[in-house]
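Working notes, beginning with the structure itself.
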Amino acid sequence: MSPDPDPAVVARLRAAGCVFAEEEAVLLLAEAASAAELDGLVARRVSGEPLEQVLGWAEFCGLRLAVEPGVFVPRQRTRLLVREAVALAGPGSVVLDLCCGVGAVGAAVAAAVPSIELHAADLDPAAVRCARRNVPGPVHEGDLYGPLPDALRGRVDVLVANAPYVPTEAIALMPPEARDHEARAALDGGADGLDVQRRVAAGAPDWLAPGGALLIETGRQQAPATLAACTGAGLTGRVVEDDDLAATVVVAVRGA
């Protein structure tokens with residue numbers, strides 16, 4: 001059974017604008033080993049730090065994933081990216097989670113599809129530390145394809161990328177939890193939000209196996225440009241949307 005929320009904690013969280021104050025109070029109480037520790041956790045949450053960073057974990061696709069302060073917190077809409085990847089992967093598939101963050105997508109695909117060969121990569125050292133706790137496979141630290149072992153070239157069956165796609169000017173409009181507490185590099189996609197996506201698409205054909213697929217999460221309004229980047233790289237693409245998740249994914253396949 002979950003502990004009953006402390007009314008004083010609930011009141012502090014609610015006063016700070018936490019919509020789900022009761023639920024958050026229960027989670028914070030479960031993590032705290034003492035009253036002093038609880039007070040510290042609540043203070044961090046009240047100051048605006050994302051709940052997942054305060055707890056040290058995030059729930060995603062039924063998994064509890066390690067999360068550190070400053071890293072990108074997995075979004076529930078990214079379940080669409082996982083779903084599409086799982087549909088394309090099978091036992092023995094080589095899966096690459098690029099711009100992996102804490103490794104949420106790769107870990108979820110590995111949990112759903114047995115016996116895949118999973119690799120992940122990210123530029124942010126803090127995210128890589130988390131991913132190495134979450135991902136059942138090697139996590140490479142560096143810029144996009146740069147740190148990958150050459151043996152992966154031309155072998156990847158499913159390449160998933162939740163690359164940053166927020167336009168630079170829109171960062172200021174994001175909730176404070178994101179803009180103040182997550183790594184800028186995990187959010188900022190350049191002037192139109194697609195700078196990193198274009199680099200991912202351009203490099204994908206060298207790493208995909210014949211018939212392999214690149215899957216990129218993107219914004220609904222940006223999907224045509226994301227698709228164009230993929231087709232410009234010689235891939236054959238389509239757009240997948242899920243209104244319930246408010247999610248959009250471009251799936252692009254290398255010819256056999």
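Quick one: how many residues across the stretch 89-103 are of a type outside the set (D, E, K, R) and part of a strand (DSSP E or B)?
The number of residues fulfilling the criteria is 4.
Working only within the stretch 104-125, note down all residues that are open to solvent by less than 20 Å² (accessible area, probe 1.4 Å) and either hydroxyl-bearing (Ser, Thr, Tyr) or part of a helix (DSSP H, G or I) (or both).
Within the stretch 104-125, 104, 105, 106, 107, 108, 109 qualify.
Hey, among 67, 82, which residue is within 15 Å of residue 127 (Cα to Cα), open to solvent by less than 50 Å² (accessible area, probe 1.4 Å), at pLDDT 95 or above and of a type in the set (A, V, I, L, M, F, W, C)?
After applying the criteria, what remains is 67.
Within the stretch 238-250, can one find any residue that is in the same structural domain as residue 95 (by the TED database), over 24 Å from residue 69 (Cα atoms) and small (Gly, Ala, Ser)?
yes
Of the numbered conditions (1) open to solvent by less than 30 Å² (accessible area, probe 1.4 Å); (2) out of contact with any helix residue (DSSP H, G or I) (no Cβ under 8 Å at 6 or more places or on another chain), residue 97 fails exactly one; give the number of that condition.
Every condition holds for residue 97 apart from (2).
Restrict the check to the stretch 142-151 and report whether at least one residue is surrounded by 15 or more Cβ atoms within 10 Å (Cβ to Cβ), assigned by the TED database to the domain that holds residue 102, in contact (Cβ under 8 Å) with a residue 12 or more places away in the chain and not in a loop (DSSP other than H, G, I, E, B).
Within the stretch 142-151 (the criterion being surrounded by 15 or more Cβ atoms within 10 Å (Cβ to Cβ), assigned by the TED database to the domain that holds residue 102, in contact (Cβ under 8 Å) with a residue 12 or more places away in the chain and not in a loop (DSSP other than H, G, I, E, B)), the answer is no, since none of the residues qualifies.
Any chance the stretch 153-166 includes a residue that's polar (S, T, N, Q) and farther than 23 Å from residue 237 by Cα? Reasoning before the result, please.
Quick first cut of the stretch 153-166, residues polar (S, T, N, Q) only: 162.
Subsequent filtering for residues that are farther than 23 Å from residue 237 by Cα retains none.
No, there is no match, as no residue in the stretch 153-166 is polar (S, T, N, Q) and farther than 23 Å from residue 237 by Cα.
Does residue 88 qualify as being touching a residue at least 12 places away in the same chain (Cβ under 8 Å), touching a helix residue (DSSP H, G or I) at 6+ places or on another chain (Cβ under 6 Å) and among the hydrophobic types (A, V, I, L, M, F, W, C)?
Judged against the criteria, residue 88 is not a match.
Of everything in the stretch 70-79, what is buried (at least 19 other Cβ atoms within 10 Å of the Cβ), in a loop (DSSP other than H, G, I, E, B) and out of contact with any Gly (no Cβ under 6 Å at 6 or more places or on another chain)? Give them in sequence order.
71, 73, 74 - these are the residues of the stretch 70-79 that are buried (at least 19 other Cβ atoms within 10 Å of the Cβ), in a loop (DSSP other than H, G, I, E, B) and out of contact with any Gly (no Cβ under 6 Å at 6 or more places or on another chain).
Listed here are the residues, each with its yes/no results for (1) over 25 Å from the mean Cα position of the chain (by Cα); (2) at pLDDT 90 or above; (3) more than 22 Å from residue 127 (Cβ to Cβ); (4) crowded, with 19+ Cβ neighbours inside 10 Å.
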| site | (1), (2), (3), (4) |
| --- | --- |
| 19 | no, no, yes, no |
| 23 | no, yes, yes, no |
| 35 | yes, yes, yes, no |
| 40 | yes, yes, yes, no |
| 46 | no, yes, yes, no |
| 56 | no, yes, no, no |
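Show me the strands (runs of 3 or more DSSP E) entirely contained within the stretch 152-256 in which 3 or more residues are open to solvent by less than 30 Å² (accessible area, probe 1.4 Å) and under 15 Å from residue 95 (Cα atoms).
156-161, 208-218
In the stretch 1-51, which residues are of a type in the set (Gly, Ala, Ser) and part of a loop (DSSP other than H, G, I, E, B)?
2, 16, 17, 32, 33, 34, 47, 48
The values are calculated or read from the model by the stated rules, or taken from the named source; none is laboratory data. Owing to the predicted nature of the structure, the values given are computational and were not obtained by experimental measurement. Note that each Cβ is placed from the backbone with ideal geometry, even for glycine, and that neighbours are counted across all protein chains shown. Keep in mind that these areas ignore ligands, DNA and RNA; they rest on the heavy atoms of the full protein, side chains included. Shrake-Rupley method; radii C 1.70, N 1.55, O 1.52, S 1.80 Å.
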